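The values are calculated or read from the model by the stated rules, or taken from the named source; none is laboratory data. All of these numbers come straight from a predicted model, not from anything done at the bench. Positions of Cβ are generated from backbone atoms using ideal geometry, with glycine treated the same way; all protein chains shown enter the neighbour counts. These accessible areas exclude ligands, DNA and RNA; they are computed on the full protein's heavy atoms, side chains included. Shrake-Rupley method; radii C 1.70, N 1.55, O 1.52, S 1.80 Å.
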Amino acid sequence: MKKIENIALLNDYVSSYREKGKLVALVPTMGALHAGHVKLVEEAKNYADIVITYIFVNPTQFAEGEDLDTYPRTLEADIEKLEAVDCDALWLPSVQDIYPNGVEANIQAGEIAKPLEGANRPHFFNGVVSVLARMFVLSAPDVVMMGEKDFQQLQVVKKMVADKKFPLEIIGVETARDENGLALSSRNAYLSEAEYKIAIQLNKILKQLADNELSEVEATQALIEAGFDKVDYCTHREAENLCPNPKNPDRVLAAAWLGQTRLIDNMAMKRKT
Ligand code: AMP
């Protein structure tokens, strides 16, 4: 696997394939890779000839007091995992590459970013779209692989790509889960054994909400009874715009806290006919 640490090399690398008419996929990550990230790389091969993963812990999507400094950094293990799935290149941009004019979000994510995650982490999506727009300019990918695990993020980025007319396609990849249904996340590493036992209730309760076995209020209550300390939201929405659609929603989404760890999850809901 080619390791790329500066923009000039990235340019040469991408151009050399582009000249041969090859398609390039980008897999954006913040590292601490797990099977969910690996699935994005594997899936990317169905869409492109060359797969570039990048690892960049993006400072502008963390607010003061969030886990930027303690976010898990496991580069050697990440490289092993990427080599095991034959990822073609790993791009490790520097903060200067991404933010040449100072570390701040320079793109606003718009309306779709306001509910749910945006209401609880107002800085977050501006940081995400700013870093991705810069990455897209620098690497000019044909396709970009993103996880449905971060469902609102996926929709926000699709909207930004459409608004800015980036000539690329965002592909959403289904959430990878562990044997208990817990959505894989780099932040699961923070969970104690006792917290893990509570965490695995999240997908089960969300499934009951998706199947209309519980109302939003009942599902929220069930999360608290299961042991979650706080529920930021547990709701059904219209998948495309994340707006409430009380009559006929098609996505359920939740975010809940276990101690210092915030977990999110979502799944499809069958529309009524
Ligand atoms: P992150 O490193 O957490 O920023 O995630 C990088 C990419 O991997 C994002 O597009 C995430 O949605 C995706 N991702 C994270 N966890 C999972 C998962 N369990 N299944 C599928 N994709 C995931």
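A few remarks follow.
- Cα gyration tensor, the range 33-96 - rounded (a/c under 1.5), prolate or oblate: prolate
- Degrees separating the helix 35-44 axis from the principal Cα axis of the chain, which is the longest one: 50 degrees
- Rounded accessible area per residue of the range 2-173, 1.4 Å, Å²: 46 Å²
- Taking amide H as placed 1.01 Å from N in the peptide plane, the amide H of Val85 sits under 5 Å from none that are at least 5 places away or on another chain.
- Burial ranking of peptide ranges 205-215, 95-105 (average Cβ count within 10 Å, highest at the top): 205-215, 95-105
- Projecting the Cα atoms of Ala162, Ala25, Ser130 onto the dipole axis of the range 2-173, where Lys and Arg carry +1 and Asp and Glu carry -1 at the beta carbon, places Ala162 farthest toward the positive end.
- Taking the C-alpha atoms only, the angle from helix 7-18 to the longest principal axis of the chain is near 90 degrees.
- Rg and Dmax of the range 186-265, Cα atoms only, in Å: 12.6, 39
- Residue pairs exceeding 23 angstrom between C-alpha atoms, taken from Lys164/Lys272; Lys149/Lys207; Lys114/Lys158; Lys45/Lys270; Lys2/Lys45; Lys149/Lys230: Lys164/Lys272; Lys45/Lys270.
- Angle between the chain longest axis and helix 201-210 axis [Cα atoms, degrees, rounded to 10]: 80 degrees
- Using only side-chain charges placed at the Cβ, +1 for Lys and Arg and -1 for Asp and Glu, the dipole size of the range 186-265 relative to its Cα centre rounds to 160 debye.
- Reciprocal of mean inverse Cα separation for the chain (Kirkwood radius, Å): 19.4 Å
- If only the Cβ of Lys and Arg carry +1 and only the Cβ of Asp and Glu carry -1, the dipole of the chain around its Cα centre is close to 700 debye.
- Accessible surface for Leu75 stands near 70 Å², nearest 10, in the context of the full protein assembly shown (1.4 Å probe).
- In terms of the mean number of neighbouring beta-carbon atoms within 10 Å, the peptides 133-144, 182-193 order highest first as 133-144, 182-193.
- Options Leu191, Ser215, Phe62, ranked by Cα towards positive dipole end of the chain, top entry (Cβ charges): Ser215
- Neighbours of Arg121, meaning other residues whose beta-carbon lies under 15 angstrom from its beta-carbon, give a summed charge of -2 when Lys and Arg score +1 and Asp and Glu score -1.
- Expressed as a whole percent, the accessible area of the chain that falls on carbon and sulfur atoms is 49 (1.4 Å probe).
- Taking a sphere under 13 Å around the Cβ of Pro72 and counting the other residues whose Cβ falls inside, with K and R at +1 and D and E at -1, yields a net charge of -2.
- Rounded FRET efficiency, nearest 0.05, which uses the C-beta distance separating Leu9 from Asp49 and R0 of 25 Å: 0.85
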